[in-house]
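Chemist: Encoded as structure tokens, here's the structure I'll be asking about.
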Amino acid sequence: MLKSVFTLIVFFLTSACDGNLVEVELAGRAEMRKKAELTEKDFILQSEALKKAIVKTPYSALIKVTSVDIFDMPDSDKSDDYAEQKLTYHAKVIESYRGKADRNITYVMYIEKGEDVGHPKEAFIITLCQSRNGLFWPGVGASFSSDYRLRELARKHSKQFSNQQSSFEDCE
């Protein structure tokens, strides 16, 4: 009898914990949706840019950056004040839209030393290029809000393109 009562208590506690996890996950999704919602005007602007970016790049996904490594690049011309840095982003993939569906990705971005690009704390949609060295950021117009309407657009729009596509305008 004591064993049955203990089993019921453990089952109840486990169920209660699982329920709390579901509530926390749902609350997190609602919070992400609330933070990411765009005005109608911004949604229209970003949706047009997102559709073009998906066509012009081989990879797109909803990601959350987990860390960034910053490296100073060698400066071949010491006579000027221009120098570059390489940023290596590590991110968790929440949803893949186009390209290889990995759980985590790494991509690089090159910037002018001292340029503030900010490190996104929230999830966002990104489109990336592929080289033999890995994924890289193609430039301005490759990052988008995680607004639920843009996520749905990315899902639908990316299905229209073949994995056999080999020329990507933003990556050349």
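Chemist: If you go through the stretch 54-64 one residue at a time, how many are assigned to a helix (DSSP H, G or I) and either at pLDDT 95 or above or not aliphatic (A, V, I, L, M) (or both)?
Modeler: Qualifying residue count for the region: 1.
Chemist: What pairs come out if I take residues in the stretch 119-131 that are closer than 17 Å to residue 53 by Cβ and in contact (Cβ under 8 Å) with a residue 12 or more places away in the chain and pair them with residues that are among the aromatic types (Phe, Trp, Tyr) and assigned to a strand (DSSP E or B) whose C-beta lies under 7 Å away, six or more apart or interchain?
Modeler: From the stretch 119-131, the pairs are 124/144; 125/144; 127/59; 128/59; 128/107; 128/136; 129/136; 130/59.
Chemist: If I ask for residues that are open to solvent by 40 Å² or more (accessible area, probe 1.4 Å) and either outside any loop (DSSP other than H, G, I, E, B) or among the polar types (S, T, N, Q) (or both), which ones from the stretch 129-147 would you list?
Modeler: Across the stretch 129-147, the qualifying residues are 130, 131, 133, 136, 143.
Chemist: Still on this structure, I have one more. Test each condition in (1) open to solvent by less than 70 Å² (accessible area, probe 1.4 Å); (2) part of a strand (DSSP E or B) for residue 150 and report the one that comes out false.
Modeler: Checking residue 150 against (1) open to solvent by less than 70 Å² (accessible area, probe 1.4 Å); (2) part of a strand (DSSP E or B), the one that fails is (2).
Chemist: Are there any pairs with C-beta distances below 6 angstrom linking a residue in the stretch 45-59 that is farther than 13 Å from residue 168 by Cα to a residue that is among the acidic types (Asp, Glu), with the two at least 6 apart or on different chains, and if so which?
Modeler: Correct list of pairs: empty, since none qualify.
Chemist: From the list 82, 110, exactly one residue is open to solvent by 30 Å² or more (accessible area, probe 1.4 Å) and assigned to a strand (DSSP E or B). Which is it?
Modeler: 110
Chemist: From the list 96, 67, which residue is at pLDDT 80 or above, over 26 Å from residue 167 (Cβ atoms) and small (Gly, Ala, Ser)?
Modeler: From the options 96, 67, the qualifying one is 67.
Chemist: In the stretch 85-107, how many residues are polar (S, T, N, Q), crowded, with 16+ Cβ neighbours inside 10 Å and closer than 12 Å to residue 69 by Cβ?
Modeler: 1
The values are calculated or read from the model by the stated rules, or taken from the named source; none is laboratory data. Just so we're clear, the structure is a prediction, and the values are computed from it rather than from any experiment. Note: ideal-geometry Cβ built from the backbone for every residue, glycine included; neighbour counts use all protein chains shown. Ligands, DNA and RNA are excluded from the accessible area calculation, which covers all protein heavy atoms including side chains. Shrake-Rupley method; radii C 1.70, N 1.55, O 1.52, S 1.80 Å.
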